[in-house]
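Below is one structure, written out as structure tokens, with a few remarks after it.
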């Protein structure tokens with residue numbers, strides 16, 4: 001069983017890549033991080049270093065995979081262990097049409113036996129924990145009894161951890177974005193799930209915007225997963241280590257977070273990469289602060305120029321500093 005990580009940042013497509021995770025590690029050292037979902041077919045045929053590589057600084061880290069073939073997913077689990085991931089997670093929650101066409105994601109909730117076969121194959125291939133991220137239901141199969149059937153079937157196959165998005169998914173008629181917002185949150189279903197399966201590790205996901213709100217959930221479940229709020233306001237996590245992990249180490253200021261990214265940015269630029277790959281994740285670091293707009297403008301305008309590095313971060317940070325902390329000169 002993975003150690004008790006009571007707080008995690010959800011896997012998000014086009015969001016939780018290695019640059020975002022490295023950036024977030026400057027803000028929180030202990031929060032459990034996830035990769036974007038990587039399909040089993042991509043792992044089978046793609047560039048493994050590009051798809052699976054990560055820095056040791058990013059740990060603890062979970063690889064999330066998508067697929068429905070036990071043999072392929074077992075291969076993914078073995079690779080996850082070889083690469084040093086702390087856990088592997090199967091996506092049974094994504095409702096996008098592209099994912100459905102591959103017969104994985106949320107549509108797999110219709111077939112808990114298939115999910116159990118996948119989990120069993122993954123468990124037999126690795127020593128690291130295997131978990132599932134899923135919805136409380138899908139389409140009209142959203143009664144609490146459907147949820148408990150799914151969980152009990154998958155748990156019997158050896159699943160270590162259930163990340164439960166407390167909304168159902170509609171496979172037709174709603175976009176992935178709408179599926180994160182339109183179906184009502186049903187936290188009580190997740191709370192009841194923990195009561196009915198007290199030995200399982202149940203993590204709740206969906207709609208949490210503050211650490212204080214999230215902390216209260218630990219009275220009812222084992223852990224909380226925060227998604228879009230972690231991307232839209234990354235400095236929200238500056239108090240996460242203290243509140244959730246009892247680590248009272250000094251918290252880095254926003255400016256110290258930026259300075260901690262200098263070397264990483266320069267290494268990235270030295271390899272001929274655009275800084276934008278990193279800075280796009282940093283746009284909201286100064287959210288709610290004076291001159292946040294100027295910070296984002298500098299990053300946007302200069303981050304796409306090949307060869308630029310930490311000097312862009314410095315310039316953007318200086319713009320914030322000049323406005324937020326003006327220097328007055330006596331006449």
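The values are calculated or read from the model by the stated rules, or taken from the named source; none is laboratory data. Everything quoted here is computed from the prediction, not taken from an experiment. Cβ sites come from the backbone with ideal geometry, for glycine too, and all protein chains shown count toward neighbours.
Filtered by the rule that a residue be in contact with a helix residue (DSSP H, G or I) (Cβ under 6 Å, 6 or more places away or on another chain) and at pLDDT below 95, the stretch 276-293 gives 290, 291. Tell me, please, whether a residue that is crowded, with 16+ Cβ neighbours inside 10 Å, assigned to a loop (DSSP other than H, G, I, E, B) and modelled with pLDDT under 95 can be found in the stretch 152-163. Looking for residues that are crowded, with 16+ Cβ neighbours inside 10 Å, assigned to a loop (DSSP other than H, G, I, E, B) and modelled with pLDDT under 95, one finds at least one in the stretch 152-163, hence yes. Selection of the stretch 1-17 for residues being at pLDDT 95 or above and either farther than 24 Å from residue 66 by Cβ or crowded, with 20+ Cβ neighbours inside 10 Å (or both) yields 5, 6, 7, 8, 9, 10, 11, 16.
The set of residues in the stretch 101-139 that are at pLDDT below 95, over 21 Å from the mean Cα position of the chain (by Cα) and part of a helix (DSSP H, G or I) contains only 101.
If you take the residues in the stretch 30-47 that are more than 20 Å from residue 132 (Cα to Cα) and out of contact with any helix residue (DSSP H, G or I) (no Cβ under 7 Å at 6 or more places or on another chain), which one is surrounded by the fewest Cβ atoms within 10 Å (Cβ to Cβ)?
Among those that are more than 20 Å from residue 132 (Cα to Cα) and out of contact with any helix residue (DSSP H, G or I) (no Cβ under 7 Å at 6 or more places or on another chain), it is 45.
Of all the residues in the stretch 41-66, those that are part of a helix (DSSP H, G or I) and without any contact (Cβ under 8 Å) to a residue 40 or more places away in the chain number 11.
Does residue 27 count as surrounded by 18 or more Cβ atoms within 10 Å (Cβ to Cβ), more than 14 Å from the chain's Cα centre (by Cα), in contact (Cβ under 8 Å) with a residue 12 or more places away in the chain and in a helix (DSSP H, G or I)?
No.
Would it be correct to say that residue 268 is without any contact (Cβ under 8 Å) to a residue 24 or more places away in the chain and either part of a loop (DSSP other than H, G, I, E, B) or assigned by TED's automatic domain parsing to the domain that holds residue 310 (or both)? For residue 268, the condition - without any contact (Cβ under 8 Å) to a residue 24 or more places away in the chain and either part of a loop (DSSP other than H, G, I, E, B) or assigned by TED's automatic domain parsing to the domain that holds residue 310 (or both) - is not met.
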